[in-house]
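Where a number appears in this text, it was derived from the coordinates with a stated rule and is not lab data. Fair warning: this is a prediction, and the values are worked out from it, not measured in the lab. As a convention, Cβ positions derive from the backbone with ideal geometry for all residues, glycine included, and neighbour counts pool all protein chains shown.
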Protein chains: 2
Amino acid sequence: MNKDKMRIIPLGGLGEVGKNMMVYEYEDDILIVDTGMMFPESDMLGVDYIIPDFNYLMDKINRVRGIVLTHGHEDHVGALSHVLESINAPIYATPLTRGLAEVKLARAGLLQKADLRTVQAGDTVQIASFKVDFFHVCHSIPDGVGLGIETPAGLVVHSGDYKFDHTPVDNWPSDYARLASFSRRGVLALLSDSTNAERAGWTPSEKVIDSALDMVFRKAPGRIIIATFASLISRMQQAANAAIHYGRKLAFVGPSMTDNLKMARKLGYLDIPDDLMVPLDQALAMKDKEVVLMCTGAQGEPASILGRLSTGTNRMFDLKPGDTVLLSSHPIPGNEEAVYKTINRLFQRGAEVIYEAVAPVHVSGHASQEEMKLLMHLVRPRYFIPIHGELRMLRQHAKLAEDVGILRENIAVVQNGTVIEVSEAGMQIGERLPGGYVFVNGSVVEDMDRSVMRERENLARDGAVSVSAVISGGRVRSVAVQTKGVNLTDEAENGLRTRLYELSGATQAAAEQLIRTYIYNDLRRRPALFVTIHE
Amino acid sequence: MNKDKMRIIPLGGLGEVGKNMMVYEYEDDILIVDTGMMFPESDMLGVDYIIPDFNYLMDKINRVRGIVLTHGHEDHVGALSHVLESINAPIYATPLTRGLAEVKLARAGLLQKADLRTVQAGDTVQIASFKVDFFHVCHSIPDGVGLGIETPAGLVVHSGDYKFDHTPVDNWPSDYARLASFSRRGVLALLSDSTNAERAGWTPSEKVIDSALDMVFRKAPGRIIIATFASLISRMQQAANAAIHYGRKLAFVGPSMTDNLKMARKLGYLDIPDDLMVPLDQALAMKDKEVVLMCTGAQGEPASILGRLSTGTNRMFDLKPGDTVLLSSHPIPGNEEAVYKTINRLFQRGAEVIYEAVAPVHVSGHASQEEMKLLMHLVRPRYFIPIHGELRMLRQHAKLAEDVGILRENIAVVQNGTVIEVSEAGMQIGERLPGGYVFVNGSVVEDMDRSVMRERENLARDGAVSVSAVISGGRVRSVAVQTKGVNLTDEAENGLRTRLYELSGATQAAAEQLIRTYIYNDLRRRPALFVTIHE
């Protein structure tokens, strides 16, 4: 490879580009940025989650010099244990991100094997040919960083998930000075977060949530139950602040919430006095007006605490009249139906429910259009590669880049798997690598192709019927019929038996044909059919 | 029943209250308002659509004096043929709504049987004890009406789907004068559309779409393809106006679009000159800059024209560079993923795509909060019953009613199936009727309960395995294994065979136990198992 070129490859399938895993290559050195997971689309039946296909790296694992994690969200760290099973390179992360990754690796039994190295926002670390500047960015989790990645080919800036919040809850704004210093050094390419590229203006500060919480706390006649993501550390701080102000005690409910709380407090990312917190059983024994419960389930997950409260199946406690439930979240695309169903059920069970559509109880963690343009002006890149978004968002982001004066031919809107080469001499868009998604069921990487999923779609739509029979001496002797996901009446089942028993000179083929025709005619639909004829 | 009481019952399941079918009863007379269908939720596997359960009416069909249709959308008329199979009462509808209903009834072979009666907005019709005033309302389909329903018990106002558009495309604003006249007569109860109760302000006029279309037409370098609902007659008019202005010809593509176009032109709801329209083949032969194509598929339906264009599988024509695709729609809840996937694919295939998130190419057909409050002030009801919405929307609508001064005890937020009695003396909320949804597959009402759907969920998640064997003389003789939606390796399948053949003193129970344990251990998942042992 040419000495003045850097290769950039976002890995993954047709989802958000470069969200989950990016590869930066210079000569023989490879740097991985993020190792995240995705949630399956609705037609990916039986898939629990998806990890990027990193088959491209399998013959180059000895060239991987480091894995950098930008922040602790699942879509950026959730595939770490899968990657470490094949690639053992040092992992660089800020303290909170490292803490979250450690919890994950410990569960997978990989913590001993992993070479974790703490970096601080503001640090510069040389990782083989890559001089990496970690700069702080605001996002919906503390301790997020973007990266300046410098090689002899030039300086590339990778934004990570970011927003420009002037009044963040942790009082730590994005590092404008470092961003501006990049432009003084000259930036070859900017790769930045396109999530909100369709959204005009500037994403509201997390601060606006304080006023919404204040209004809710002021009026709530009984208990307040706040549901959010377990990783939304700043929301824990905001709930704690409101609880102190209104003289309520705070109980954190559920293992993921309490694990993250403990870790974030230990590392100093949360300032919550000991005497504010009470265990759940104590909270349940207190007066309703003196209690705040904080739990997970704001995405409508049926097995979460909020999900179980909404269906009246939570073991430790139930909703009661006077409860105010606050969902501090925005539905992840595809989750809308589940979230709104949960909200309806909570109302049905007698709670007052406060959610994003009726009060500003959540803000996005991603930059909107004006922030995106600001980033471009701060960094002043020659080439622009929108990442972290579906194609439609990348296109909008590319338009914004044109608006601020980046030449159209210097903007690359690509899909995952595309190899981009950048250098002072130009930018080349290469071919797409084969591969894309790897499906995971449970924690097992599955050999599951699309044809298996098409079969599952048929099963889901029309159910399955099994008919097994024995033929001897030209007569059908024994018939067993079973159904799942479809109803065959007793009458229809007996009719089928009779027809089979009456078949004279019965052959395997004739019996099978009779069964198929009979089932389709009777049900007027096409269930998956298992026909077995023993001779 | 008491002479001064009216009974009001919204029918249906846990979905939007009273959206699809409402029952008004006075003494022995029953009036049905709307007969609509719903789309299935994502966990209703194998269901094509849902109709309200009207079992309540089955022993009272001779008391049904009329069916009133408020407008021609599927969620208000889509179950008409199912209802007419049991209940033959006169159907009252405005001309366009009647036209749309006739198309539907003709397809079901019920047009001869149906007693259709045309009413005009502004008409007053006595239907048994019910004096029904039809008043015009703006909505996203022309010729919509709301109803004043008067009996000796009092006057009830039913809004239907409405908005207060001051500049509608058909220049026919909602009938404020009639609404105000109701308040002079004294209104016992208002039942009104809650769809946008979470939305502050006033829904934008359809007029704003003209400017967005203008911008798109001004810049489009090639063909313009507009996708919308086949029933969105006003969007056809707007597209025609823009086409005239920019010197393009217009081709309507697809049977539902062209059928509705013809009917709406014949009835005078569209003003499109003959020479503006060209057949599709002619349009395809013209210069790109001279053409607009209008088609369906704005909800991401894979089988629609836009859906097929997005996957490159449309037969008559394909996308080409320079095409501008405009989606004039808002994703129906639950359709977001499909719509955005379609948009991404259209971009991928080289089209420029304009959609709601990036330009005002669609507006809601439902009133927002300020309009809702205006309706309450115009009508000044004693009792208020929010309808047409999920529970969360009804709750917000109820809060708005309290804000404008309706007493909390005079507001009834109910679920479908709840019997409400209103009279000068008061409002009583009765028990919920049993039943709810009726599932339809193809066009067949299905006997399908939730347990069948749970089985389908299992099939969808883990697939199905069928193992059939014959035992004779204490030995397993013949083993057949089949799978669908899950992969069993040849090695695993052979292992199972070997284990079964080795089973000595084999019984049905022992063989079945062996199979179940083996499959679960091998796959580490729980597919639906069909095990048949012939002895």
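Each other copy holds its own label point for residue A:399; taking that point as 7 Å from Cα along Cα to Cβ, the gaps run 3.4 nm, nearest first.
With a Cα-only, solvent-free Debye model of the stretch B:228-314, what are the log10 I(q)/I(0) values at q = 0.19, 0.23 Å⁻¹? Summing over Cα pairs of the stretch B:228-314 leads to -0.87, -1.21.
Report, to one decimal in Å, the Kirkwood hydrodynamic radius for the stretch A:1-119 based on all distinct Cα pairs. Final number for the Kirkwood radius of the stretch A:1-119 is 14.7 Å. Other residues with beta-carbon under 14 Å from the beta-carbon of residue B:363 carry, at +1 per Lys or Arg and -1 per Asp or Glu, a net charge of -2. For the segment B:449-461, counting C-beta atoms of other chains within 10 Å of every residue's C-beta and taking the mean gives 6. Listed values for the stretch B:21-28 are Karplus-derived 3J(HN,Hα) couplings in whole Hz (6.51 cos²θ - 1.76 cosθ + 1.60, θ = phi - 60°), namely 6, 10, 10, 10, 10, 9, 6, 8, and x replaces Gly and Pro. All C-alpha to C-alpha distances of the stretch B:463-535, sorted into 5 Å bins beginning at zero, yield P(r) values of 3, 18, 33, 26, 14, 6, 1 percent in whole numbers. When the convex hull of its Cα atoms is viewed from all sides, the stretch A:208-354 shows a mean projected area of 8.1 nm².
3J(HN,Hα) along the stretch A:229-238, derived from phi through the Karplus expression 6.51 cos²θ - 1.76 cosθ + 1.60 where θ = phi - 60°, amounts to 6, 5, 8, 7, 4, 5, 5, 4, 4, 5 Hz, with x in place of Gly and Pro.
Cα convex hull, the stretch B:140-203: 100 Å³ per residue, rounded to a whole number. Taking every residue in B:330-341 and counting other chain Cβ atoms within 10 Å of its Cβ, the average works out to 4. Under a 5 Å amide H cut-off, with hydrogens placed 1.01 Å from N, residue B:326 pairs with B:225, B:226, B:227, B:354 among residues at least 5 apart or on other chains. Geometric descriptor of chain A, per residue, is 189 Å³ (volume of the convex hull of the Cα atoms).
Only Cα pairs under 8 Å and 6+ residues apart enter the sum, and on that basis the relative contact order of the stretch A:247-378 stands at 21 percent.
For residue B:533, the residues whose amide H sits under 5 Å from its own are B:469, ignoring neighbours fewer than 5 places away on the same chain, with H placed 1.01 Å from N. Relative contact order of chain B, taken over Cα pairs closer than 8 Å and 6 or more residues apart, is 16 percent.
A point 7 Å from Cα along Cα→Cβ stands in for residue B:279, and the other copies hold the same point at 8.1 nm, listed in rising order.
Checking the cross-link pairs A:373/B:320; A:19/B:320; B:163/B:341; B:19/B:266; A:484/B:341; A:219/A:287 against a 20 Å limit on the alpha carbon distance flags A:373/B:320; A:19/B:320; B:163/B:341; B:19/B:266; A:484/B:341 as lying beyond it.
Annotation: average projected area of the stretch A:319-438 is 10.8 square nanometres, based on the convex hull of Cα atoms across all directions. Working from Cα pairs under 8 Å separated by at least six residues, relative contact order for the stretch B:370-436 is 27 percent. Taking amide H as placed 1.01 Å from N in the peptide plane, residue B:119 has its amide H under 5 Å from the amide H of B:93, B:94, each at least 5 places away in sequence or on another chain. Rounded to whole Å, give me the distance from the Cα center of the stretch A:64-140 to that of the stretch A:193-230. The stretch A:64-140 and the stretch A:193-230 have Cα centres separated by 29 Å. Label point of residue A:373 (7 Å along Cα→beta-carbon): distances to the other copies' equivalent points are 3.3 nm, sorted ascending. The alpha carbons of the protein assembly as shown give a radius of gyration and a Dmax of 31.7, 93 Å, in that order.
Relative to its residue count, the stretch A:356-415 spans a Cα convex hull of 98 Å³ per residue.
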